[in-house]
Amino acid sequence: MIAAVPDPDPQEEEGSELELIEIELLLEAVHRRYAFDFRDYAPAVLRRRLWRRAQAEGVRTLSGLQERVLHDPAAMERLLLDLSVTTTSMFRDPGFWLAFREKVVPILRTYPFVRIWSAGCSTGEETYSIAIVLQEEGLLDRSRIYATDINAAVLARARNGMFPLARMREANANYLRAGGARAFSDYYISGYDHARFCRPLCDNVVWAQHNLVSDASFNEFHVILCRNVLIYFGKPLQDRVHALLHESLAPFGFLALGSRETLRFAARETDYAPVVEAERLYRRVA
Ligand SMILES: C[S@@+](CC[C@H](N)C(=O)[O-])C[C@H]1O[C@@H](n2cnc3c(N)ncnc32)[C@H](O)[C@@H]1O
């Protein structure tokens with residue numbers, strides 16, 4: 001039987017020196033073998049999740065987890081799922097979507113073509129939300145949405161566009177609070193206990209695996225949504241990803257962060273002006 005592993009509090013002591021060595025070696029091994037770079041992710045979250053995976057794999061130490069992952073790509077896939085927090089929902093933080101409709105859409109209307117990057121899109125709820133907003137605002141036909149994530153498994157689910165019916169029904173309240181003028185159910189076809197988004201919604205979406213830590217900029221965007229991703233990174237890594245986002249954003253493009261993320265005190269703070277600070281909506285000004 002495997003002993004239960006305590007769930008460390010982020011504020012708790014940082015673990016033994018031996019554990020720190022094992023974590024460093026494991027992350028280095030993952031980086032060198034698979035090119036996934038978790039070395040600068042927030043340490044408390046990492047530690048908790050590594051131990052959870054070690055327990056699930058039935059190994060007693062983090063060195064044991066390193067051996068498992070190095071020799072078994074399927075174990076790496078499982079670790080990847082554990083290391084990336086993929087929690088998301090349709091029209092998450094409705095106030096943000098309302099601000100997007102009111103402040104960003106009128107400016108996008110003046111562009112002949114709109115490129116949007118949903119970075120760290122997880123299972124696609126954010127991407128479908130923006131597609132719905134663009135459709136309602138008459139912009140979807142002249143938009144392309146690039147939806148990327150480090151994790152191939154969540155991307156496959158996103159691309160599939162199928163969600164539990166109960167979650168779709170729950171989404172209706174957020175959709176209305178986000179300024180939706182129809183019924184959310186207009187956008188999907190329901191089967192027994194699942195529902196699938198109607199096709200035209202994702203015709204202009206490009207789904208692709210992209211690692212914000214190690215991959216380069218791949219286009220110039222008018223809007224970048226990178227919400228609830230940076231919160232899991234340490235400060236130096238956040239700064240590095242901010243450099244990538246800045247490089248990928250067109251002059252006067254819009255950047256959206258998650259509700260617990262801010263540009264205040266970030267290395268790039270002066271390159272942006274807040275559009276609605278409370279909703280973490282910014283505009284590139286330099
Ligand atoms: C909490 S979810 C956020 C989903 C969505 N943006 C939202 O706000 O609802 C974070 C996502 O970031 C992805 N992620 C983590 N590290 C990443 C990286 N280095 N590059 C790209 N995506 C990453 C995870 O796989 C996960 O799907």
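Conditions (1) within 15 Å of the chain's Cα centre (by Cα); (2) over 30 Å from PRO236 (Cα atoms), marked per residue:
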site	(1), (2)
SER129	yes, yes
GLY180	no, yes
TYR188	no, yes
GLU220	no, no
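Can you list the strands (runs of 3 or more DSSP E) found entirely within the stretch 168-253 that contain at least 3 residues being over 30 Å from ALA35 (Cβ atoms)?
Counting at least 3 such residues, we get 188-190, 194-197.
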What pairs come out if I take residues in the stretch 254-282 that are part of a loop (DSSP other than H, G, I, E, B) and modelled with pLDDT under 95 and pair them with residues that are of a type in the set (Gly, Ala, Ser) and surrounded by fewer than 20 Cβ atoms within 10 Å (Cβ to Cβ) whose C-beta lies under 8 Å away, six or more apart or interchain? ALA267/ALA243; ARG268/ALA243
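Within the stretch 47-143, which helices (runs of 4 or more DSSP H) (wholly inside it) include 1 or more residues that are within 16 Å of the ligand (Cβ to nearest atom) and of a type outside the set (A, V, I, L, M, F, W, C)? So that I can check it myself, show each step before the final result.
Working: elements: 62-71, 73-83, 94-99, 105-108, 125-136.
Output list reads 73-83, 94-99, 125-136.
Just one of LEU108, LEU134 is touching a His at 6+ places or on another chain (Cβ under 8 Å), modelled with pLDDT of 95 or more and crowded, with 18+ Cβ neighbours inside 10 Å; which is it? Can you show your working first?
On the way: LEU134 fails: touching a His at 6+ places or on another chain (Cβ under 8 Å).
Matching residue, one of LEU108, LEU134: LEU108.
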Does the stretch 251-260 contain any residue that is more than 16 Å from the ligand (Cβ to nearest atom), surrounded by 14 or more Cβ atoms within 10 Å (Cβ to Cβ) and aliphatic (A, V, I, L, M)? no
Residues that are closer than 26 Å to ALA99 by Cβ and under 21 Å from the mean Cα position of the chain (by Cα), drawn from the stretch 131-153: ALA131, ILE132, VAL133, LEU134, SER143, ARG144, ILE145, TYR146, ALA147, THR148, ASP149
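Among the candidates LEU225, LEU230, LEU201, LEU212, which residue alone is of a type outside the set (Val, Ile, Thr), more than 16 Å from the ligand (Cβ to nearest atom) and surrounded by 14 or more Cβ atoms within 10 Å (Cβ to Cβ)?
LEU201
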If I filter the stretch 86-101 for residues that are farther than 22 Å from LEU176 by Cα and either aliphatic (A, V, I, L, M) or within 21 Å of the chain's Cα centre (by Cα) (or both), do I get at least one hit? yes
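The values are calculated or read from the model by the stated rules, or taken from the named source; none is laboratory data. As the structure is a prediction and not an experimental result, all values here were calculated from the model. Don't worry about glycine lacking a Cβ; one is built from the backbone with ideal geometry, like all the others, and counts go over all protein chains shown.
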